[in-house]
1. Working only within segment 174-218, note down all residues that are modelled with pLDDT of 95 or more, buried (at least 16 other Cβ atoms within 10 Å of the Cβ) and outside any strand (DSSP E or B).
2. Please go through segment 67-81 and give me each residue that is under 20 Å from the mean Cα position of the chain (by Cα) and surrounded by fewer than 23 Cβ atoms within 10 Å (Cβ to Cβ), ordered by number.
3. Which one is farthest from residue 45 (Cα to Cα) among residues in segment 151-161 that are out of contact with any helix residue (DSSP H, G or I) (no Cβ under 9 Å at 6 or more places or on another chain) and surrounded by 13 or more Cβ atoms within 10 Å (Cβ to Cβ)?
4. Select from segment 278-317 the residues that are part of a helix (DSSP H, G or I) and either over 14 Å from residue 231 (Cβ atoms) or in the same structural domain as residue 165 (by TED's automatic domain parsing) (or both) and list them in ascending order.
5. I need a count of the residues in segment 307-319 that are touching a helix residue (DSSP H, G or I) at 6+ places or on another chain (Cβ under 9 Å), within 17 Å of residue 245 (Cα to Cα) and without any contact (Cβ under 8 Å) to a residue 60 or more places away in the chain.
6. Of the residues 267, 231, 248, which is buried (at least 24 other Cβ atoms within 10 Å of the Cβ), assigned to a helix (DSSP H, G or I) and under 25 Å from the mean Cα position of the chain (by Cα)?
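The values are calculated or read from the model by the stated rules, or taken from the named source; none is laboratory data. A quick note: this is a predicted structure, and the numbers were derived from the prediction, not measured. Using ideal geometry, Cβ is built from the backbone for each residue, glycine included, and neighbour counts are taken over all protein chains shown.
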């Protein structure tokens, strides 16, 4: 693999953030990664570089021209995420720019390439960070035991790769003048092993619960698959999107891409209506960022009421039809 870039970076304290895109759209987590990486760069006294790999790199770079960013490096290769391309490109960038820290999203894609890059470049790796402190070495805050406990990890070594959890950092928004330059890397096609030719959603069509302003989320209290029609009717009345807790997905009643929680999606809607959901910590981890939480459950001691802004202690089969009538 041969590499060439017009900037050797700030080897003493620079930070490299990795942007993420899907199906032609830059994902919101990219702006959150910029915020997290900027905080580290401020503490280390270095510049913030951003890597944009694949897709419409010029359009993505334009959107990422933010005041928090010092320089953007683009790799124009392929349309969708490709493990081999990202691993080779980021390894080359790390070799050339020599950032102190690399910050990537803690997403399916990020967790795919991060270990490979860390192994290639002999970087310490910490995943799922909810807080970063670079004042005296790198300290990473993470959650453990089903989000019941926060712990701080002191990272050994001078350089590290960290993945940050989405929705934990405020997205960077302020525009700025940023230098954008191609990063020239010769991708070894023979070493890729596979070629990505497109993107196909797994079940549920094009539904993306992470983009919904209003979510009606259904849990095991729905009892029967046929009763889901009631929830979809409520969602239609509210112009909302239907999501679910893990038991509903495990039963095969709704596809995986609608699951909210620690093993599903993390969402931050304006309104989250929990229908028949008890509120286990694994589920709450995926929706605690909602602006307003409304809970409907027959159990007054259900954990969901600990975080709900409004609660209806009653049978969902009585409450939901009333709501549909009110909003239709």
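1. Once the filter is applied, which keeps residues that are modelled with pLDDT of 95 or more, buried (at least 16 other Cβ atoms within 10 Å of the Cβ) and outside any strand (DSSP E or B), segment 174-218 yields 178, 183.
2. Answer for segment 67-81, where residues must be under 20 Å from the mean Cα position of the chain (by Cα) and surrounded by fewer than 23 Cβ atoms within 10 Å (Cβ to Cβ): 68, 79, 80, 81.
3. Ranking the candidates gives 153 first.
4. 281, 282, 283, 284, 285, 286, 287, 303, 304, 305, 306
5. 1
6. Answer to the check: 248.
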